[in-house]
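J.: Just dropping this structure here.
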Amino acid sequence: MMSATTAITQDLAGKRAIVTGGASGIGLACAREFASRGAHVTIADRDGEAADRVAEELGGEAWQIDLSNTAALETVQLEADILLNNAGIQRVAPIHEFDPETFRVIQRIMVEAPFLLIRAVLPGMYERGWGRIVNLSSVHGLRASAYKVAYVAAKHGLEGLSKVTALEGGPHGVTSNCINPGYVLTPLVEKQIADQAKVHGIPESEVVEQIMLTESAIKRLARPEEVASLAGWLASDSATMVTGASYTMDGGWSAR
């Protein structure tokens, strides 16, 4: 007889998950979370070698994909029970200095690509009567910060996409939710430190305390595994009635 602990930890057994940006950071933590709960995970990432390594570790498969090439996604056919839209990039600059093409690329990766991937997986989810869309948004999907015009705009767009997906998917057993972390200890955040120091005119050593944590009641960066634990729950049957929601994990930032 399966123990209660095993039953809970293997609650995604037989499910197929796709995780974008799954070779590092939050995506990697979520891929590990899904795999630990029994799901077969596809690691979708621009870095094919890293995706291969993670896929081998988890007994899943790799999908090397450049999500900025959205034209290639218009005809893609995907079968998945769980889709986690996580891939993203960040650029920090004032609006009047922000490169227009970089703005467009960020929208393609973080809004248009999630739309096309959701569009691709929904028919199969509808047919099976079960599906989970988990969108890695941000506190910046709910609040704005200066110098992040493309990222904030994209995350706000992702929030709307997630809610519409929830409304359309509900009658078919498909939920769609956002996770809204503050700053998480990932390569994406680490790469921001130099840019933040430059735009704010402070030393890099002071960026985390003076910029990243200034709005947070809990004065530390979140861990990817903390975000992944919420993603795992949202993907489970325990969250069947949770849809169209935005779950903050921002240390109290958005409580202000």
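Since every read-out is calculated from the coordinates, none of them should be taken as a lab result. No experiment lies behind these values; they were computed from the predicted model shown. FYI the Cβ positions are ideal-geometry reconstructions off the backbone, even for glycines, and counts take in every protein chain you see.
J.: For the range 110-256, what is the relative contact order in percent, using Cα pairs closer than 8 Å and at least 6 residues apart in sequence? All intermediate terms of the calculation are to be shown ahead of the outcome.
T.: On the way: 214 pairs, mean separation 44.0, N = 147.
It comes to 30 percent, rounded to a whole number.
J.: Excluding same-chain residues fewer than 8 positions from Lys15, which lysines have a Cα within less than 28 Å of its Cα?
T.: Lys155, Lys163
J.: Can you list which of the trypsin sites (Lys or Arg not before Pro) found in the range 153-223 are DSSP loop residues with at most 16 other C-beta atoms within 10 Å? Write down the numbers at each step before the final one.
T.: On the way: sites: Lys155, Lys163, Lys191, Lys198, Lys219, Arg220; in loops: Lys219, Arg220.
Answer in residue order: Lys219, Arg220.
J.: For the range 38-85, run through the GluC sites (Glu not before Pro) and keep only the ones in DSSP coil with at most 10 other Cβ atoms within 10 Å of their Cβ. Write down the numbers at each step before the final one.
T.: On the way: sites: Glu49, Glu56, Glu57, Glu61, Glu74, Glu79; in loops: Glu74, Glu79.
Those that pass, being in a loop and sparsely packed, are Glu74.
J.: Assuming a viscosity of 1.306 mPa s and a temperature of 10 °C, what translational diffusion coefficient in µm² per second does Stokes-Einstein assign to the range 46-109, Rh being the Kirkwood radius over Cα pairs?
T.: Details: Rh = 14.2 Å.
Estimated diffusion coefficient is 112 µm²/s.
J.: Shifting gears a bit: Based on the Cα coordinates of the range 182-256, what is the per residue volume of their convex hull in Å³?
T.: Working: hull volume 8.2 nm³, N = 75.
Output value, Cα hull per residue: 109 Å³.
J.: Relative contact order for the range 173-256 using alpha-carbon pairs under 8 Å, separation at least 6, rounded to a whole percent?
T.: Numbers: 90 pairs, mean separation 43.5, N = 84.
Taking the mean separation of contacting Cα pairs over the length of the range 173-256, I get 52 percent.
J.: Provide the net charge surrounding Ile193, with neighbours chosen by a C-beta distance below 11 Å and charges set as Lys +1, Arg +1, Asp -1, Glu -1. Intermediate values should be presented prior to the final figure.
T.: Details: positive: Lys191, Lys198; negative: Glu190, Asp195, Glu204, Glu206.
Charge balance in the 11 Å sphere: -2.
J.: Taking every pair of alpha-carbon atoms in the range 173-218, give the share separated by more than 18 Å as a whole percent. Walk me through the numbers on the way to the answer.
T.: On the way: 401 of 1035 pairs.
I get 39 percent for the Cα pairs in the range 173-218 exceeding 18 Å.
J.: For the chain, what is the Kirkwood estimate of the hydrodynamic radius, computed as the reciprocal of the mean inverse distance between distinct Cα atoms, to one decimal in Å? Intermediate values should be presented prior to the final figure.
T.: Numbers: mean 1/r = 0.0540 Å⁻¹.
Result for the chain stands at 18.5 Å.
J.: Further question: Given R₀ = 22 Å, what would the calculated FRET efficiency be for Ala194 paired with Asp66, taking r from the Cβ atoms and rounding to 0.05? Walk me through the numbers on the way to the answer.
T.: Values: r = 25 Å, r/R0 = 1.12.
The pair Ala194/Asp66 has a calculated efficiency of 0.35.
J.: Which three extents, in angstrom, do the Cα atoms of the range 105-166 have along their principal axes, listed largest first?
T.: 43, 21, 14
J.: For Asp47 and Ile202, FRET efficiency with R0 = 30 Å and r from the beta-carbon atoms, rounded to 0.05?
T.: On the way: r = 31 Å, r/R0 = 1.04.
Efficiency, from the Cβ-Cβ distance: 0.45.
J.: At q = 0.15, 0.19, 0.20, 0.26 Å⁻¹, what is the base-10 log of I(q)/I(0) for the range 150-200 according to the Debye formula with one equal point scatterer per Cα and no solvent? Please give it to two decimals.
T.: Cα-only, vacuum Debye calculation for the range 150-200: -0.59, -0.76, -0.80, -1.01.
J.: Would you list which lysines come within 18 Å of Lys198, measuring only between C-alpha atoms, while excluding same-chain residues fewer than 8 positions from it?
T.: Within the straight-line limit of under 18 Å, Lys198 reaches these lysines: Lys148.
J.: Eigenvalues of the Cα gyration tensor times 5, then square-rooted: what semi-axes does that give for the range 131-256, in whole angstrom, largest first? Intermediate values should be presented prior to the final figure.
T.: On the way: eigenvalues 178, 45, 25 Å².
Semi-axes, largest first: 30, 15, 11 Å.
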